[in-house]
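Below you'll find the structure, written out as structure tokens, and then a few comments.
The values are calculated or read from the model by the stated rules, or taken from the named source; none is laboratory data. Since the model is a prediction, treat every value here as computed from it, not as a measurement. With ideal geometry, Cβ positions are generated from the backbone for all residues, glycine too; neighbour counts draw on all protein chains shown.
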Amino acid sequence: MSIIAQHGEIFIILACLFGFFMAWGVGANDVANAMGTSVGSKAITIKQAIIIAVIFEFLGAWLAGGEVTATIRGGIVDPDLLQADPQLLVYGMLSALLAAAIWLLVASAKGWPVSTTHSIVGAIVGFGAVGLGVEAVAWGRVGTIASSWVISPLLAGTIAFVLFKSVQYLIFEARDPLLAAKRTVPFYIFLVGFIIAMVTLTKGLTHVGLNFTFGQSLLFSVLLGIGVMGIGIILENRIKIVRRADDQFGYDNVERVFGVLMIFTACAMAFAHGSNDVANAVGPLAAVISVVRSDGVIDASALVPWWVLMLGGGGIVAGLVTYGHKVIATVGTGITELTPSRGFAATLAAATTVVLASGTGLPISTTHTLVGGVLGVGLARGMAALNMRVIGTIVMSWLITLPAGAGLAIMFFFLFKAIFGG
């Protein structure tokens with residue numbers, strides 16, 4: 001207890017620094033996966049992608065980031081086993097943040113689209129199992145998280161496959177594809193607004209003092225979806241129609257309509273990513289603050305301070321602006337060739353999967369989910385449309401991430417223990 005009292009301020013300062021560093025890594029590495037499809041399909045420019053991501057990543061982190069943060073903070077290592085030695089939890093969370101942040105820095109420099117969720121979960125499991133004992137790790141919860149790494153890309157891939165097939169059937173196979181697109185795309189835009197609003201209102205706003213019933217959330221989400229759809233229709237009507245002799249069915253113009261839709265799905269994916277992945281940075285930070293402020297009492301259910309979510313959101317934005325553009329430019333073209341209609345299906349599928357997971361408190365990997373969505377779209381066009389070499393490299397980087405995060409965290413854990421005492 002005396003260690004917490006003696007070094008409490010230092011622990012909070014280190015946690016804030018490491019948390020911001022980790023959030024920077026999330027922004028540098030993971031946001032590229034969130035925005036890559038929009039840039040790769042040429043629906044928006046890199047500059048527009050950064051502006052969209054800055055706004056919606058921050059809003060997602062601040063408004064809807066609290067639910068997953070609770071899982072990262074206290075759902076992986078059993079806090080009850082640390083009541084006698086709360087400083088060990090502090091060391092472990094500091095170690096996990098620093099380990100995951102350094103690994104993300106290395107991965108970003110190499111151009112590997114790794115999972116930030118893998119990085120932080122692996123780091124927490126590493127210090128928990130080796131530093132505290134195997135029994136300190138909630139293996140049932142870890143198993144649930146690990147299963148999500150398989151389930152989330154499968155779910156996103158399935159949704160993307162169905163969405164893209166619906167686009168093919170309702171629009172590209174219609175007698176007048178352009179007319180069909182103008183009629184159908186507003187409903188897709190409504191779907192984007194409704195899904196994001198519903199999950200945010202039902203799960204995300206308790207920490208800012210807003211508690212809605214399910215019925216109220218449903219009503220507000222429908223209204224917001226209609227509002228977003230109205231904006232989409234206005235933008236759609238401003239599209240300049242270009243008639244080309246070699247484009248008999250007007251497919252170029254159909255893709256222009258989908259370009260408008262991609263702006264909305266880019267916003268949705270950025271919001272979803274911020275809501276889910278801010279936990280990777282601020283979950284351990286919130287745990288350290290909670291232990292220090294309560295003089296060593298470990299409470300896994302303590303609320304996340306609003307400024308902690310803002311710190312995480314700010315770090316994500318900083319990483320995106322300073323380093324994210326390098327990966328954004330390549331990630332959208334590596335797996336399969338994307339057009340706005342294909343990018344829409346992949347991004348909306350990934351966003352839907354991520355916000356549903358955020359709503360249930362399950363910290364899934366945005367990287368896995370988006371890759372699953374892009375694979376689903378590629379499979380809808382046939383195996384030949386996929387770049388298997390790039391896919392193999394991505395999967396290999398995923399496999400390396402867990403042991404790398406765990407190994408670094410174990411090393412830092414014993415270093416902090418040596419510096420501050422155990």
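Being closer than 16 Å to Leu402 by Cα and in a helix (DSSP H, G or I) holds for only one residue in Leu94, Leu104, and it is Leu104. In segment 399-416, the residues that are farther than 12 Å from Phe127 by Cα reach residues that are at pLDDT below 90 and among the β-branched types (Val, Ile, Thr) with C-beta atoms within less than 6 angstrom, at least six apart or across chains, in these pairs: Thr401/Val114. Among the conditions (1) in contact with a Gly (Cβ under 8 Å, 6 or more places away or on another chain); (2) under 18 Å from Tyr323 (Cβ atoms); (3) of a type in the set (Phe, Trp, Tyr), the only one that Phe56 does not satisfy is (2).
Between Phe164, Phe190, Phe127, Phe194, the distinction of being part of a helix (DSSP H, G or I) and within 25 Å of Phe413 (Cβ to Cβ) belongs to Phe127 only. Please verify whether segment 139-147 includes one or more residues that are touching a residue at least 60 places away in the same chain (Cβ under 8 Å), of a type in the set (A, V, I, L, M, F, W, C), assigned to a helix (DSSP H, G or I) and surrounded by fewer than 24 Cβ atoms within 10 Å (Cβ to Cβ). Checked segment 139-147: at least one residue is touching a residue at least 60 places away in the same chain (Cβ under 8 Å), of a type in the set (A, V, I, L, M, F, W, C), assigned to a helix (DSSP H, G or I) and surrounded by fewer than 24 Cβ atoms within 10 Å (Cβ to Cβ). The single residue among Ala138, Ala123, Ala129, Ala84 that is among the small types (Gly, Ala, Ser) and touching a Gly at 6+ places or on another chain (Cβ under 6 Å) turns out to be Ala123. Would a scan of segment 385-399 turn up a residue that is of a type in the set (Ser, Thr, Tyr), within 23 Å of Met262 (Cα to Cα) and at pLDDT below 75? Within segment 385-399, not a single residue is of a type in the set (Ser, Thr, Tyr), within 23 Å of Met262 (Cα to Cα) and at pLDDT below 75.
To keep it simple, each residue is scored yes or no on (1) surrounded by 24 or more Cβ atoms within 10 Å (Cβ to Cβ); (2) touching a Phe, Trp or Tyr at 6+ places or on another chain (Cβ under 6 Å); (3) at pLDDT 75 or above.
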position	(1), (2), (3)
Ile4	no, no, yes
Ala23	yes, no, yes
Val26	yes, no, yes
Ala84	no, no, no
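Set side by side, the residues Gly373, Gly359 differ, and just one is at pLDDT below 75 and under 17 Å from the mean Cα position of the chain (by Cα), which is Gly359. Residues in segment 110-142 that are over 17 Å from Gly283 (Cβ atoms) and within 20 Å of the chain's Cα centre (by Cα): Gly111, Trp112, Pro113, Val114.
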